[in-house]
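Student: This is the structure I want to talk about, given as structure tokens.
The values are calculated or read from the model by the stated rules, or taken from the named source; none is laboratory data. Given the structure is predicted, the values throughout are model-derived calculations rather than measurements. Cβ: placed from backbone, ideal geometry, glycine included. Neighbour counts: every protein chain shown.
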Amino acid sequence: MLEKIQNMFKIPELRHRILFTLGLLAVYRLGCHLPTPGINAAALAQFFQSQQGTLLNM
């Protein structure tokens, strides 16, 4: 198993694709923690709190 992982990084194109995907994942994860301008966080939390137990939330 460890040999397969090492071989993945020996192929340049595959290494590039893996690192690109991990980079995009890191940017996405960091972007999730940035507040969105114009959105009131308290109002959004209250909206989701009020939607609990409705038909679509089952």
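Student: Please indicate, with yes or no, whether at least one residue in segment 32-40 is free of Cβ contacts under 8 Å to residues at least 24 places away in the same chain and part of a helix (DSSP H, G or I). Spell out how you get there, then give the answer.
Tutor: Our first condition is that a residue be free of Cβ contacts under 8 Å to residues at least 24 places away in the same chain; within segment 32-40, this holds for 32-40.
Those left that are additionally part of a helix (DSSP H, G or I): none.
The answer is no; no qualifying residue exists.
Student: Hey, could you check segment 1-31 for residues that are aromatic (Phe, Trp, Tyr) and part of a helix (DSSP H, G or I) and say which is farthest from the chain's Cα centre (by Cα)? So that I can check it myself, show each step before the final result.
Tutor: Taking segment 1-31 first, the residues aromatic (Phe, Trp, Tyr) are 9, 20, 28.
Next, from what is left, pick out any that are part of a helix (DSSP H, G or I): 20, 28.
Working: Phe20: 14, Tyr28: 5 Å.
Checking each candidate, the answer is Phe20.
Student: May I pose another question? Is it fair to say Leu14 is without any contact (Cβ under 8 Å) to a residue 12 or more places away in the chain and out of contact with any helix residue (DSSP H, G or I) (no Cβ under 8 Å at 6 or more places or on another chain)?
Tutor: Values: without any contact (Cβ under 8 Å) to a residue 12 or more places away in the chain: yes; out of contact with any helix residue (DSSP H, G or I) (no Cβ under 8 Å at 6 or more places or on another chain): no.
Taking the combined requirement at face value, the residue does not satisfy it.
Student: If you don't mind, there's one more thing I want to ask. Considering Ile5, Ile39, which residue is β-branched (Val, Ile, Thr) and at pLDDT below 85?
Tutor: Values: Ile39 fails: at pLDDT below 85.
The conditions single out Ile5.
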